[in-house]
1. Consider residue 33 carefully, then state whether it is hydrophobic (A, V, I, L, M, F, W, C) and closer than 18 Å to residue 477 by Cα.
2. Taking segment 258-280, which residues are surrounded by 14 or more Cβ atoms within 10 Å (Cβ to Cβ), free of Cβ contacts under 8 Å to residues at least 40 places away in the same chain and under 33 Å from the mean Cα position of the chain (by Cα)?
3. Determine, yes or no, whether residue 732 is among the aliphatic types (A, V, I, L, M) and touching a Phe, Trp or Tyr at 6+ places or on another chain (Cβ under 7 Å).
4. Restricting attention to segment 37-82, which residues are surrounded by 24 or more Cβ atoms within 10 Å (Cβ to Cβ), away from ligand 3 (no atom under 11 Å from the Cβ) and among the polar types (S, T, N, Q)?
5. Determine the pairs where a residue that is under 15 Å from residue 504 (Cα atoms), located within segment 115-126, has a partner that is of a type in the set (D, E, K, R) and part of a helix (DSSP H, G or I) with Cβ atoms under 8 Å apart, the partner being 6 or more residues away or on another chain.
6. Is it true that residue 34 is within 16 Å of ligand 2 (Cβ to nearest atom), under 24 Å from residue 491 (Cβ atoms), modelled with pLDDT of 95 or more and crowded, with 21+ Cβ neighbours inside 10 Å?
7. Has segment 102-119 got at least one residue that is open to solvent by 20 Å² or more (accessible area, probe 1.4 Å) and within 16 Å of ligand 2 (Cβ to nearest atom)?
8. Pick out, from segment 186-253, the strands (runs of 3 or more DSSP E) lying fully within it that include 2 or more residues that are in contact with a Phe, Trp or Tyr (Cβ under 7 Å, 6 or more places away or on another chain).
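The values are calculated or read from the model by the stated rules, or taken from the named source; none is laboratory data. These figures come from a predicted structure and were not determined experimentally. Every residue, glycine as well, gets a Cβ built from its backbone with ideal geometry; the counts of neighbours run over all protein chains shown. All accessible areas refer to the heavy atoms of the entire protein, side chains included, with ligands and DNA or RNA removed. Shrake-Rupley method; radii C 1.70, N 1.55, O 1.52, S 1.80 Å.
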Amino acid sequence: MGVEDQQQRRDTGSGDAVAGGSVHYRTCPLCEATCGLEVTVRDGRVARIRGDRDDVFSHGFICPKGSTLKQLHEDPDRLRRPVVRRGDPADPTAWEEVDWQEAYAEVERRLVPIIEQHGRDAVAIYLGNPNAHHLAGALYARPLIRSLGTRNVFSASTVDQMPKHVSAGLMFGGPLLIPVPDLDRTDFLLMLGANPLESNGSLCTAPDFPGRLEAILARGGRIVVVDPRRTKTAALAGEHLRIRPGTDAHLLLALAHVLVDEELVTLGPLADHTEGLERVPELVAPFTPERVAPVTGIAATTIRDLARDLAAAPRAAVYGRIGTHTVSFGTLASWGVDLLNALTGNLDRPGGAMFPLPAHTATGTGGPGRGYSTGRWASRVREYPEVNSEFPVATLADEIFEPGEGQIRALITVGGNPVLSTPDAGRLDKALGALELVVSVDPYRNETTRHADVILPPPSPLTRSQYDLAFTALSVRNVANWSPPLFEPDGPPEHEILAKLSLIAAGQGADADPAIVDELLLHGVAERASEEQRGGLSVDEVKAAVDGPGRAPTDKVLDVMLRTGAYGDRFGARPDGLSLAVLQANPHGIDLGPLEPRVPEVLRTRSGKVELAPAPIADDVARLVADLDRDRTGEVLLVGRRHLRSNNSWMHNVRVLVKGRERCTLLVHPDDAARLGLADGATATVRSRVGSLVAPVEVSDEVMAGVVSLPHGWGHDLPGVELSVAGERPGVNSNVLTDADVLDPLSGNAALNAIPVEVSPVVS
Ligand SMILES: Nc1nc2c(c(=O)[nH]1)N[C@H]1C(S)=C(S)[C@@H](COP(=O)(O)OP(=O)(O)OC[C@H]3O[C@@H](n4cnc5c(=O)[nH]c(N)nc54)[C@H](O)[C@@H]3O)O[C@H]1N2
Ligand SMILES: Nc1nc2c(c(=O)[nH]1)N[C@H]1C(S)=C(S)[C@@H](COP(=O)(O)OP(=O)(O)OC[C@H]3O[C@@H](n4cnc5c(=O)[nH]c(N)nc54)[C@H](O)[C@@H]3O)O[C@H]1N2
Ligand code: SF4
Ligand SMILES: [Mo]
């Protein structure tokens, strides 16, 4: 293991021994791993952050980002007050700090006429990744969307995991019914397009993912990593299959083909709970290992052996992430993963892929549900189907540029940086510049928010309570953990900002009381709670039960969810059950045990069964068959990568994370370097159908020949950006190369990997 990995385990944060001070525990909100942090505060400042050894889930694990909550809190570039832009973003005098009331008034003054003149669809919203990591984003984004009343809803989900939502929706009946690999009990993990040694895991919440992988090997299990690059995860696993980017769906269906062909299919616990098994043989028939081998670059014998080993393993889990989702066959690959889990008897079985039961949700009631569908409406310009009430962010620029009824004229961004994170970013950057109004809820003036007319900055994460609604539902153990705010906020909390925007959008004016929205939200959950426990508390009694001095409105809503949830105290009916008060008394979290089988009651399909061959997916297989015969000679394909010390686009302003060697480099295989005349340390021009950039070359056989790799989230040198540290080494924006026209048709997810490029030396 290299130095960086060791640092990942090390238990220290900001350094020196801390004498005195008070100690606080909280969950890190920065990535999906949800590590417990121990924060020492002295003289009103963070003195040290390290891993909380007593955290029931993370047991002291921390990565280098966890301790930088201190630096983020103290970052002088973090906005403390709203700013209004009155001129060109690049002109420093154009940016004026205003007070909150003025900022809201400015939003009202400019937003309301746009709605009145051009209708509600003229205002779009983009929600970024951090919204999934805190209560305000998770609870208050929906009311905002509802008040806006627009169909132009976009989010980072369509540059990320939307294919998983679609396959889960079609197979299990709900977009959030995502099976999670049971890392701690599996004997065989087949992992495609994920690099948890850098990312710390995704759609699989497992603090100390590296340690959990090592434990698989230590107990005699196997890990096979499928990735075009020999990542740290591949190195740890010891078994690495290099795959041609964009061909995981082909591989997965070839594995299924072998299972069918060699009669290795065993549904195990699912035997009485599936529908559509009879369609599987015909769907996978074209994907013989021999035909798929030249496409994927993985030998036919290897594919056969892998399928046999998967079938033979006592407990196996197949897991795919970013590399399998952000490609044009994303939904097929996502289906392929769970199809394999099902066909090998590993779906819903310990050590296989299982459904978590988080504390804030109730158990399913059983019986068939209403099923899942997409395309209830379509986007205006490209007619992309709505998926989970969103359109692909890849088409946001189209909707801004194309004149006509319904054209987007204003955009609200909340915790997102689409100028660095979405495809054909150069075009989107221009599109944002052409809007009549941009409002951003964001702590930084960055590549996206420099286009804002008003920036409304939320206070630092250390000023809010923390409970992970999203990631407890994707977790390898059922765990509940709540952390109180550590410091007083230096401005209104984020739920209040979002409530204010909701009220403005609803026409109630900039002076309306945000408590109106708090009350609506609480009333909604209280009403449901009251109905669910027939004969129990009235709505008002539920509301009174979760009230408390100084309690944030988000925490009241959470308390209702917890108390009526699967482990809840049902407001006293189950005295040893969970409530916010119980979590408050347990600062290291509460472990609710390993995942339990949940089929069939978890299913929400119309049939009440696991749908193994849902029609929209079955129909899309023809596209994959056609791709088998595509001529690929001479292709050079671009893929992305993540580094442990970064977090998408927004943590490059933390000096301790960006020091050291340049990380925004183009990885090129030595054979390609020789062929293209590229030397290590030289610069190369990379060109795609939509854009080009110049990046420093790092020659390495880490990547396979015919593949180049560039991380995303860089390119901080745009005029008007106020990130002093990030600006020192801006890097380049890889998404100027990704093509907004190439997406996964079923989910609308952008293809951010497997981008055809031309690479040539820069001649100086
Ligand atoms: N080429 C390529 N592109 C990719 C990817 C890839 O692998 N390759 N990955 C994709 C993935 S998985 C994702 S999730 C997206 C991310 O895409 P985005 O969500 O658009 O981008 P982030 O970089 O996460 O930007 C987060 C923004 O939120 C702000 N922020 C941070 N904390 C808070 C907070 O508490 N409240 C608010 N309101 N704002 C906050 C930051 O300042 C920043 O502006 O990028 C995608 N883009
Ligand atoms: N340090 C850090 N941690 C993060 C983030 C971060 O930016 N930095 N971002 C967070 C977010 S928002 C997310 S969604 C998660 C993502 O978590 P992961 O999915 O683990 O993300 P990556 O590290 O990008 O790993 C993707 C891998 O896919 C490979 N790949 C690319 N194309 C293909 C392909 O066609 N097939 C296959 N099989 N592999 C391919 C890449 O080489 C790379 O190794 O990480 C989260 N955690
Ligand atoms: S792994 Fe993720 S949750 Fe854990 S400390 Fe690092 S950033 Fe925070
Ligand atoms: Mo993501």
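1. Taking the combined requirement at face value, the residue satisfies it.
2. Within segment 258-280, no residue meets the criteria.
3. Considered against the rule, which asks whether it is among the aliphatic types (A, V, I, L, M) and touching a Phe, Trp or Tyr at 6+ places or on another chain (Cβ under 7 Å), residue 732 comes out as yes.
4. none
5. If the second residue must be of a type in the set (D, E, K, R) and part of a helix (DSSP H, G or I), the pairs left are 124/399.
6. In short, no.
7. no
8. Per the criteria, 188-192.
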